[in-house]
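Notes for the one structure printed next.
The values are calculated or read from the model by the stated rules, or taken from the named source; none is laboratory data. The model shown is predicted, which means the values in this text are computed figures rather than measured ones. Glycine gets a Cβ as well: all are built from the backbone with ideal geometry, and neighbour counts include every protein chain shown. Heads up: the accessible areas ignore ligands, DNA and RNA and are worked out on the full protein's heavy atoms, side chains in. Shrake-Rupley method; radii C 1.70, N 1.55, O 1.52, S 1.80 Å.
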Amino acid sequence: LWRLGYSARLLKTNNFRTAAANTSFPAVWTLLARYSGIIPGLFVVVRKNRFFTMPDTVEDKADLKLYSPHPGVRGMTQLNREAFKRTVVVPVLKVKTEIVNTLLKSLKHVVLQRPGLKRVIEDPEDENSRFLILDPHKIPEFSLGESEQEVLNQLNVHPEVCKYNLELTYENFKSEEILRAVLPEGQDVTSGFSRVGHIAHLNLRDHQLPYRHLIGQVIIDKNPGITCVVNKTNIIDSTYRNFQMEVLAGESNLVTKVKENNIAYELDFSKVYWNPRLSTEHSRIVELLKPGDVLFDVFAGIGPFAIPAAKKKCHVFANDLNPESYNWLLHNCKLNKVDGKIKAFNMDGRDFLLGPVREELSKKLPLQKQEQKNSFHIVMNLPALAIEFLDAFRHLLVREPCGTAGLPTVHCYGFSKHENPAKDIQERAEASLGTSLDGRCSTYLVRNVAPNKEMLCISFQIPVDVLYKRPCPDEAKQASKRLCTSNEFSEEKFLS
C-alpha cells in the first residue's frame, strides 16, 4: 500500500487493520473505499479508465519483454512484417499538456527512450491532457520511487501510474531483435555487416543460410541507403582477391561508390577487392609518407594506398595483377585527378618487384645521400601470400652498396593463427629474406579477422646484405653499362 502512494496514517487505523487482516486482497479495495471518507489524507481511485486500464486478468506488472517481437515469428524464412505485431502493457502518467516538456526533463531517467516510439501520446478523453509513457524496465511494478513522486508533487501531478496497451509493429523493432526472434534459440544472430556504398556484405554461417533472404531484407529495411545485400559464398581467390557472392535482397547492381579518408573510389564489388575495415590501416601507412617520398604499391587494388599518397605529392608506382582492379585503379586516378602522378602496372607482383621496382631503385639509390630527406616505401598488402614474395628482395640490386642511406622500408602484411602472431610473422619473413630481423623490424596488429586469426603488418628496412649483391669486376662493368643504357632509354621515352 505504501508503494501505491497512499498515506501511512492508514496503517494506524485499528478498525481498518483488523478488517484487512481477515479479508482477501481483492476486498481490500472495497475497504479502502469505505474508509476513504473517514481517514484523513486517504484518497482512493476505484473507477477503471476505459482507455488505458487493462482487464482484470492482466498481472500488475509491466511487460519486460517490451522489445521482443511476437513469439509466433520463430522459424520464419519469408519475411511477413504483419506477423511481428504485438501489444504490450506499459506504465503511463496522465499530465496536463502545458507541463509535458518540464516533466520530460525532470523524469528523463524513467521515461521511455526508444527510437521510433512516442513518449507522449494524446488522451482521447481529455484534449488538455497527455499520457507520458514510462520505461517498463524502470517501473516494473507500476509504482514510482520517492524521488519521482517528489517531482510530481512539486508540479501538482497526481502520482497514479496507470496501464496502457501499446501496439508494437515491425517498424518498432531493431534488426537484431527481429533476427533473434526469428532464428532458432541459442544460435548466433547476424546483424553486423560491411558496408560498401549501397551494398551490405555479409558472411553468413551455415545455420543462418535458410534465413538468408529474410536477413537480407531486414538489413535493407533497417539501414537507410542500403539497397543491395550480398553474402560471400566462398573464400577469397588468392590470385585476384575477389570472391563469389549471392545477392540476398534488393537490386543486383554491384557497381558502387565509396568514400574513405575523404577520397572517393568507384568499383565493381563483384570483381575487385575492397575492405572498408582497412581504412585506418590505409591512413596509418600514408601518414608515414612525406611529400617527395617514393611509394611502390605491389598489390595496389583500386588504389587506397596509392591515391592518397599521390595526393600527398609522393611519387607512386602502383601495380595489380587483376585486370579489373587495374582498370578501376586507372579510373579512380582520373576521378581524383592524380592520373599524372601515378605510374600504374598490370603485372604479377614478383615481376613488378624484379622489373619496375628494381629499375627505379637502381637509378635513385646511388644518388641518395646520408642527409637525403626523401625515402622509399614498399607496401605489400596481400596477407595470404605477401610474405612469400619477400625473397624477391634477395640481391635485387647488383652493385656496391651505397651505404644505409635511403634503404627501402617494406610494409608487408600477413595472417597468423599462431599463439604469438608477431613472432610467427617475423620468423616467416626472416625465412623468406634469409636473414634475421631482430632489432630491425616492428609488427603492428591490424585487426582480428576471425577467431584465432590475426592480420598483422611487419615493417623493416631491407638489410644491406639482403638487397645488394657485390659484383665481380666483369659483372660490375656489365651492370654499369646496363644502367647507362637503361637511363638513356628512359630519357628517350620521357622526351617522346
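Some points to look at:
- Environment charge at N203 (Cβ cut-off 15 Å; Lys +1, Arg +1, Asp -1, Glu -1): +4
- Candidates per GluC sites (Glu not before Pro) in region 95-137, loop by DSSP, up to 12 other Cβ within 10 Å: E125, E127
- Per-pair calculated FRET efficiency, R0 = 35 Å: M347 and E246 via Cβ, rounded to 0.05: 0.65
- Separation of alpha-carbon centers, region 410-458 and region 97-136, rounded to whole Å: 57 Å
- Percent accessible area from carbon and sulfur atoms, region 175-253, protein chains only, probe 1.4 Å: 43 percent
- Net charge of Cβ neighbours under 10 Å - reference E454; Lys, Arg +1; Asp, Glu -1: +2
- Averaged over its residues, region 383-444 has an accessible area of 46 Å² per residue, based on protein heavy atoms and a 1.4 Å probe.
- Pairs from the list K94/K163; K290/K313; K108/K138; K271/K313 with a Cα-Cα gap above 18 Å: K271/K313.
- Net charge in the neighbourhood of V189 (other residues with Cβ under 14 Å of its Cβ; Lys, Arg +1, Asp, Glu -1) is +2.
- Vicinal HN-Hα couplings computed from phi for region 453-459 (Karplus, 6.51 cos²θ - 1.76 cosθ + 1.60; Hz; Gly/Pro x): 9, 10, 9, 10, 10, 9, 10
- Remark: relative contact order (region 175-253) = 25 percent; criterion is Cα-Cα distance under 8 angstrom and separation of 6 or more residues.
- If R0 is 60 Å, the Cβ-Cβ spacing of T169 and K313 corresponds to a FRET efficiency of close to 0.65.
- Farthest toward positive dipole pole in region 279-379 [+1 Lys/Arg, -1 Asp/Glu at C-beta], among P304, S375, L330: S375
- Put simply, region 175-253 fits an ellipsoid with semi-axes of 21, 16, 9 Å; these come from the alpha carbon gyration tensor as the roots of five times its eigenvalues, largest first.
- Cα→Cβ-extended label distance, 7 Å offset, between H418 and D188, nm: 2.6 nm
- Rel. contact order, % - alpha carbon contacts under 8 angstrom, at least six apart, region 86-168: 47 percent
- Its alpha carbons considered, region 86-168 gives a radius of gyration followed by a Dmax of 11.9, 36 Å.
- Each of the peptides 247-255, 225-233 was scored by the mean count of other Cβ atoms within 10 Å over its residues; in descending order, highest first, they stand as 225-233, 247-255.
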